[in-house]
Amino acid sequence: MTTRPRTPLRLAATAPGARLLGMGSTQPDNVVTNDDLAQRMETNDQWIRERVGIQSRRIAEEGTLLVDMASDAGAQAVKDSGIDPTEIDTVIVATCTMPTPIPNAAAQTAERIGIPAPGAFDLNAACAGFCFGMGTAADLIRAGSSRHVLVIGAEKLSDWLDWTDRSTAIIFADGAGAAVLGPAPDAESVGVGPVAWGSAGDLAQTIHIRPENGALAQEGQAVFRWATTKIAPVALRAIELAGLAPSDIDVLVPHQANLRIVEAVAKRLRAKGAREDMVVADDIIHSGNTSSASIPLALDHMRVDGRVRSGDTVLLVGFGAGLSYAAQVVTCP
């Protein structure tokens, strides 16, 4: 048999990179305070604030679906981007709380927003899901597989909680946040840096679903020790991959796990050269831990209240069950 020389693939010209075009977010109207929880379990406001820093959280009404929140946040992000829904060709929903695995959230969300026949898939990296989704979306755009990608982090954690378990019920909440990514017209306009990511499968059982009752369980101290020692180096790696220094970061938006972890990560970054005036998201206080939704929720809230401005350099840091983790530098739209 004659062997023919291999002909190299002729790849189409692709965009030099991706940028953020718009954002949106939504939370349930139902506010649950620490005092409200004290009526249901053995706890009190001071105990909760001292351990996790949360004062209140948003919990969806029973009839609200995860896809309802994903669609609301996604539609806001598309509108904010100025892109017509028909121009979105890929939808990624980062979530770990869909009630059933089929059908996926992404296709349902796209149909509700009016996005015709996009590539649509769900991504489960738990609390790091939004960063995983952003990294995937940016790579799709760089490769030329997609032009405009809608990334949504959406969770209805209240469906998966044991409301008598104060180790979890005081922490988690519901909500959704979203971003639209598109191609950067030139190298100077690139606004989404490479993702630094990984996992610690040997610690996967520190956060898991109990088979006996289908409720979320976690080993709080083990997760705290892991997050406060292992996450800052991942954040520093993302800064390095973006070709920046810690002092270049204007805003830190970590996953809103609990206030003590957020403060510990910020402290470690400042010790490595981040500015003392670097703004740190603390959305956890009034939103609770919304897993994959927490980063886009916090960033969008900061945009609305003026704590972050268009053009600011933002470090996103996600970590959680799996134990999956990821970090990425972006430019705020």
Given a 1.4 Å probe and heavy atoms of the protein chains only, how would you sort 98, 134, largest accessible area at the top? 98, 134
Over all Cα pairs of the stretch 66-125, how is the pair count split among 5 Å bins, expressed in % and running from 0 up to the last occupied bin? 4, 21, 33, 25, 12, 5, 1
What number, in percent, do you get for the relative contact order of the chain if the mean sequence gap of Cα pairs under 8 Å and at least 6 apart is divided by its residue count? 25
FRET efficiency for residue 307 and residue 276 from the Cβ-Cβ distance with R0 = 25 Å, rounded to 0.05, comes out at 0.95
What percentages, rounded to whole numbers, describe P(r) for the stretch 261-333 computed over all alpha carbon pairs with 5 Å bin width beginning at zero? 3, 13, 25, 28, 21, 8, 1
Per-residue accessible area for residue 166 at 1.4 Å probe radius, Å² rounded to 10? 90
Would you calculate a helix-derived [θ] at 222 nm for the chain, using -39,500 (n - 2.57) for each DSSP H run of n ≥ 4 and dividing by the full residue count, to the nearest 500? -9500 deg cm²/dmol
State whether the stretch 217-310 is rounded, prolate or oblate according to the following rule on the C-alpha gyration tensor (a ≥ b ≥ c being the square roots of its eigenvalues): a/c under 1.5 gives rounded; otherwise a/b larger than b/c gives prolate, and the remaining case gives oblate. oblate
State the number of lysine pairs found in the chain whose Cα atoms come within less than 29 Å, restricting to pairs 8 or more positions apart or on distinct chains. 4
So which residue, out of 277, 159, 248, gets the largest mean-square fluctuation from a GNM of the chain using Cα contacts under 10 Å as springs? 277
Inter-centroid distance (Cα atoms) of the stretch 106-128 relative to the stretch 50-98, Å: 11
Top of 34, 213, 104 by mean-square fluctuation, Gaussian network on the chain, Cα under 10 Å: 213
Indicate the gyration tensor shape class of the stretch 151-206 (rounded, prolate or oblate), computed on the Cα atoms with a ≥ b ≥ c the square roots of the eigenvalues: a/c under 1.5 is rounded; otherwise a/b larger than b/c is prolate and the rest oblate. oblate
Highest GNM mean-square fluctuation, the chain, Cα pairs closer than 10 Å: which of 223, 253, 262? 223
Scan (1) 113; (2) 167; (3) 142 for the value of volume of the Cα convex hull per residue in Å³ calculated from this model and give just the label. (2)
Pseudo-spin-label distance residue 162 to residue 29, built 7 Å along Cα→Cβ, given in nm, is 3.3
Could you sort 188, 87, 263 by their accessible area in this structure, using a 1.4 Å probe and putting the largest first? 188, 263, 87
For residue 190, what accessible area in Å² do you get when you roll a 1.4 Å probe over the heavy atoms of the protein chains, rounding to the nearest 10? 60
Can you list the residues of the stretch 232-269 with backbone N under 15 Å from a point 7 Å past the Cα of residue 286, pointing along Cα to Cβ? none
Determine how large the accessible area of residue 42 is when every protein chain is in place; take a 1.4 Å probe and give Å² rounded to the nearest 10. 150
Placing one identical point scatterer on every Cα of the stretch 113-202 and ignoring solvent, what is log10 I(q)/I(0) from the Debye formula at q = 0.16, 0.21 Å⁻¹? -0.79, -1.10
With 0.36 nm assigned to each residue of separation and the Cα-Cα distance removed, residue 86 to residue 209 gains 40.5 nm
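The values are calculated or read from the model by the stated rules, or taken from the named source; none is laboratory data. Remember, it's a predicted structure, so these values are computed and weren't measured experimentally. As a convention, Cβ positions derive from the backbone with ideal geometry for all residues, glycine included, and neighbour counts pool all protein chains shown. Just the protein is used for accessible areas: all its heavy atoms, side chains included, with ligands, DNA and RNA removed. Shrake-Rupley method; radii C 1.70, N 1.55, O 1.52, S 1.80 Å.
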